[in-house]
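Visitor: Sharing a structure below in C-alpha cells format, with a few things to ask.
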C-alpha cells in the first residue's frame, strides 16, 4: 500500500524530501534497490537532514553490498533521530551489514539494539542467533532462537529464518542460514 501513496505524495509536491525518501523505502521493500537509492539521494538533495532519506539510503547501500558507507549512513540517521520508533529497522540493517562483513560481535550488538528498541519486531533475532553460531556460542544462540520462537508465534522460527525478502542478497541469506545451523538449528 505504501508505494502508490508515496508516489502520489511525490506527484503532489516534487520538493517534499520525505515523500521521495518514503518512495525510496517502498522501492527498497519491493527489491528495487537502485530506485530506492536514487530516491534517497533526491530527498537528500532537497533536505540534507531528512531522516527517512538517510535511513533509506543506508539500507539500500547495505543491501547493494556497500556495507561500510551504508553503516556510516545509518549511523548518521540514528544520530539525527535517536528516538525514532522505526529506528529498530536501522539496527537490524546494521546487524546484517556487520554479519556480511563477518563482524559478528558488532552484528550481535546491533541486533540487541534492535530487540531493545522493539522486542516484538523479529528482525534482529535471526542475525544475533547466526552471529552467535559463527562464534561457537551455541547455548546463547539457542536462547535467542527460543526467544524468537516465542515472539514469532504462531509463525515458526524455521519459516521466519528461511524467509528472504527481495532486498536481501541470496549469499548473505545463505551465510545467515549457515550461522544458524552452526548454532544447532535444524532448519
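Visitor: Considering each residue of the range 129-165, count those that are over 17 Å from residue 111 (Cα atoms), touching a residue at least 12 places away in the same chain (Cβ under 8 Å) and either in the same structural domain as residue 28 (by TED's automatic domain parsing) or touching a helix residue (DSSP H, G or I) at 6+ places or on another chain (Cβ under 8 Å) (or both), and give that number.
Guide: Residues that pass the stated criteria total 3.
Visitor: Would you call residue 14 over 18 Å from the mean Cα position of the chain (by Cα) and not assigned by TED's automatic domain parsing to the domain that holds residue 169?
Guide: yes
Visitor: Report whether or not residue 92 is under 23 Å from residue 35 (Cβ atoms) and either without any contact (Cβ under 8 Å) to a residue 12 or more places away in the chain or touching a strand residue (DSSP E or B) at 6+ places or on another chain (Cβ under 6 Å) (or both).
Guide: Values: under 23 Å from residue 35 (Cβ atoms): yes; either without any contact (Cβ under 8 Å) to a residue 12 or more places away in the chain or touching a strand residue (DSSP E or B) at 6+ places or on another chain (Cβ under 6 Å) (or both): no.
Judged against the criteria, residue 92 is not a match.
The values are calculated or read from the model by the stated rules, or taken from the named source; none is laboratory data. For clarity, every value in this text was computed on a predicted model and none was experimentally measured. All Cβ positions, even for glycine, are placed from backbone atoms using ideal geometry, and neighbour counts span all protein chains on display.
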